[in-house]
Every structure is written in structure tokens, then in C-alpha cells.
Amino acid sequence: MNHATLQTFLAQSVEKGQLTAPLSALLQSLANTSTLIADTIHQGALGGVLGSAGTENVQGETQKKLDIIANDMLLEALLTTGVVAGMASEEMNDCCPVQNGEHHPYLVLFDPLDGSSNIDVNVSIGTIFSVLPNPGTGPIANASFLQAGTQQLAAGYVVYGPQTSLVLTFGYGVDAFTLDRKSGHFLHTSAQIRIPEHTHEFAINMSNQRHWHEPVQRYIAELLAGKTGPREKNFNMRWIASMVADVHRVLTRGGTFMYPQDTRNPEQAGKLRLMYEANPMSLLVEQAGGKAYAASVRILEIAPTDLHQRCPVMLGSSEEIDIVVEYHQLSSPACL
């Protein structure tokens, strides 16, 4: 079977009017950089890239060496595209405007290495990215990026696992590409991915169960009750602790992924970052026929107020997300 290269796929999308040439060039640059990141990751201990960097990011999380390496690779590549006005990263306190790029059309946000706690134990990790329009309101600043997820022009991720896979949307469905290590090209391997409406799988960190609000407690209890419970069917739980890997499974075979708000820190809306993780993943999931909510609010409609804002995340097969959203809507306001 012949598989078109990513470059060919993007060129054809430009011809169809689904994609602009500058955005196509930007997406190709992100893909090219991800192949370099993949090569660095796969060197592992042989390349001296494992372990902690001895620093913390803006969220107070310990940075891995590869977090910093991947972040620098993406910044360097995006600075030279000629179409990016500014970048923002989960690993940086503030955005990085491109010198003399104020009038370039795009802003890019990224999580350079999602799931980096899994690096040293050789479990799948990934890169997540989101492309926004330059609002054209003057010099690029943090506020330039504070756009709802509905404004995204493209989003995607690369998962570095047994294969290196790129999953991408620019508003015309979701397509997947697999890196051919012999040629160095991403080849088109899945077209118009659809998430099954029904599922028997869910992903959630059960160690946090005692901290969840009542709607999530109720929903998960029903899943765990299996055939003898109100759902009258058995569910399997999967949890990789890498959002990229967990969401990739949902896109590949269905299921749900949840990281809800809990009671430990009432001032913190959730664990995952709206701009770097929740928004791009929500766009992908919705483009594949699934749903993505933060409790009872559609994630893509959240009006961001901070570059590093957090939110609850519940996404995946529509039937299951509808149920857990309904439970939140029926609960007291304190649980919303």
C-alpha cells in the first residue's frame, strides 16, 4: 500500500482550499522538528539526555533534561519559519515574541514533552501543539495568546512510542501519520479518524479517587460496578500518566480520558493546562466526533485569562462524556 507523505498531504490540502500555504509550511516545520526530538529521545541513556535538569518550570515542576532540549528545538525551528509572530511554552514563564515578526500570521503554543515523568522508564511521551491567529493588536505579549480554543487554526501531537506518530487537524477531520525511519518522512497512515460513540474503556488516575467531587465519584463508581451496576456492562481502566499516550489510545480505539478537579486545592481549577494541553486535545477529539468538557463547560469555549491556566478535562466517546457532564449539571455549584 502506498502512503502519501505529510508534505504531499499538506500540498493537496492547500490545493483544496482547506489550508493556506503559510500554515502548511508551519505544520511541516513542526513535523520536521519532531523527527529531531524523536531521534534525541531514542538515544536515551546513550545520549546522556535522561534524568532531571535540576530546575523547575513555571508550574513548579521539576524539569527533565529532555523537557529543556525539546523546548529549545521547537523555539529554534519556529523562529525561522517566517510565519510565526510568537511562541508560548508550558516550560516558559512568558511568551517569546519573534523579533520583527509582529505582523506574521500565527501564534504557536506547545507542551514540548508531555508525560516527561515517564522518560526515564521508557514509556510513551509526546509533543502537543496549538496554532492560533495573530490577533494583530500590536506587539506580541502574553495577552495575544488568550484566545478561546474555538479560535485554533490547527492542533496536533506527536507520540514517541513503539512508532513515532503525528496526529493532526486543521478543521477538516483528524489524520495520522507514522514516521518512516528509513526515509525520515511522516507517511499518511490513518484518514478521517473517528472515535466510537460507545466504549468499554476509561482512563483516570484512581489514586486521586478520595479527592474527587461527587459527580466524578458517582460516575466512576458506576463504571467499576460493571455488569452488576446501573450501566450493566463491564469497563476496563487504562492509565499511562502521559496525556498524549492516553488520548492517542482514545483516538485509536475509543474510550475516555479524565483528569477532574478535586478537593485538594479549591483555588486550582484542575491539573492540566488549558492552552497547551486541553485546547489542542479537545479540538482533535471534537474533530474526530468525540466530546471534550471541563465539568459542565465545553473546553473549547472557555475564555482564558492566563497563559498557564489550568482546567478539568473529560474527553472521549460522546456517550460517556454526556453522562458525566449530566452528573455535573445535576450537582451543586461547588462541584462545577
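The values are calculated or read from the model by the stated rules, or taken from the named source; none is laboratory data. Source: prediction; values computed, not measured. Cβ placement follows ideal geometry from the backbone for every residue including glycine, while neighbour counts extend to all protein chains displayed.
State the number of residues belonging to segment 238-269 that are in contact with a helix residue (DSSP H, G or I) (Cβ under 9 Å, 6 or more places away or on another chain) and on the phi > 0 side of the Ramachandran plot.
Selection size over segment 238-269: 2.
Yes or no: Leu10 hydrophobic (A, V, I, L, M, F, W, C) and at pLDDT 95 or above?
Against the criterion (hydrophobic (A, V, I, L, M, F, W, C) and at pLDDT 95 or above), Leu10 qualifies.
Answer yes if at least one residue in segment 107-128 is hydroxyl-bearing (Ser, Thr, Tyr), closer than 20 Å to Gln151 by Cβ and outside the structural domain of Leu272 (by TED's automatic domain parsing), and no otherwise.
no
If you go through segment 225-232 one residue at a time, do you hit one that is part of a loop (DSSP other than H, G, I, E, B) and acidic (Asp, Glu)? Don't jump to the end; show me each part of the working.
We begin by selecting, within segment 225-232, every residue part of a loop (DSSP other than H, G, I, E, B); these are 229-232.
Right, trim to acidic (Asp, Glu) and you get 232.
Yes: one or more hits.
Taking only segment 1-10 into account, find how many residues are out of contact with any helix residue (DSSP H, G or I) (no Cβ under 7 Å at 6 or more places or on another chain), assigned to a helix (DSSP H, G or I) and surrounded by 15 or more Cβ atoms within 10 Å (Cβ to Cβ).
Of the residues in segment 1-10, 1 are out of contact with any helix residue (DSSP H, G or I) (no Cβ under 7 Å at 6 or more places or on another chain), assigned to a helix (DSSP H, G or I) and surrounded by 15 or more Cβ atoms within 10 Å (Cβ to Cβ).
If you check Ala278 against the conditions, is it under 19 Å from Leu166 (Cα atoms), crowded, with 22+ Cβ neighbours inside 10 Å and assigned by TED's automatic domain parsing to the domain that holds Phe235?
It is true that Ala278 is under 19 Å from Leu166 (Cα atoms), crowded, with 22+ Cβ neighbours inside 10 Å and assigned by TED's automatic domain parsing to the domain that holds Phe235.
So, Ser144, is that one modelled with pLDDT of 95 or more, surrounded by 18 or more Cβ atoms within 10 Å (Cβ to Cβ), over 21 Å from Leu166 (Cβ atoms) and not assigned by TED's automatic domain parsing to the domain that holds Val247 or not? Reasoning before the result, please.
On the way: modelled with pLDDT of 95 or more: yes; surrounded by 18 or more Cβ atoms within 10 Å (Cβ to Cβ): yes; over 21 Å from Leu166 (Cβ atoms): yes; not assigned by TED's automatic domain parsing to the domain that holds Val247: yes.
Yes, satisfied.
Could you please find all residues in segment 138-172 being in a loop (DSSP other than H, G, I, E, B) and in contact with a Gly (Cβ under 6 Å, 6 or more places away or on another chain)?
The answer is Ile140, and nothing else.
Has segment 13-36 got at least one residue that is modelled with pLDDT under 75, surrounded by fewer than 18 Cβ atoms within 10 Å (Cβ to Cβ) and over 23 Å from Thr178 (Cβ atoms)?
no
Of all residues in segment 166-198, which are under 16 Å from the mean Cα position of the chain (by Cα) and of a type in the set (S, T, N, Q)?
Hit for segment 166-198 is Thr169, nothing else.
Taking the conditions exactly as written (small (Gly, Ala, Ser), in contact with a Leu (Cβ under 7 Å, 6 or more places away or on another chain), touching a residue at least 12 places away in the same chain (Cβ under 8 Å) and under 20 Å from Val158 (Cβ atoms)), does Ala245 satisfy them or not?
Numbers: small (Gly, Ala, Ser): yes; in contact with a Leu (Cβ under 7 Å, 6 or more places away or on another chain): no; touching a residue at least 12 places away in the same chain (Cβ under 8 Å): yes; under 20 Å from Val158 (Cβ atoms): yes.
Answer is no for this residue.
Restricting to segment 113-141, and then to whatever is modelled with pLDDT under 95 and within 19 Å of Asn279 (Cβ to Cβ), can you tell me which residue is surrounded by the fewest Cβ atoms within 10 Å (Cβ to Cβ)?
Gly115
Hey, can you tell me all the residues within segment 299-322 that are in a helix (DSSP H, G or I) and either at pLDDT below 95 or surrounded by fewer than 17 Cβ atoms within 10 Å (Cβ to Cβ) (or both)?
Hits for segment 299-322 are Glu301, Glu319, Asp322.
Could you give every pair whose Cβ atoms fall below 7 Å, whose first residue belongs to segment 72-92 and is part of a loop (DSSP other than H, G, I, E, B), and whose second residue is of a type in the set (A, V, I, L, M, F, W, C) and modelled with pLDDT of 95 or more, counting only separations of at least 6 or pairs across chains?
Correct list of pairs: Thr81/Ala25; Thr81/Leu26; Val83/Ala25; Val83/Leu26.
Yes or no: segment 179-196 includes at least one residue that is closer than 25 Å to Arg310 by Cβ and either buried (at least 23 other Cβ atoms within 10 Å of the Cβ) or touching a Lys or Arg at 6+ places or on another chain (Cβ under 6 Å) (or both).
Yes.
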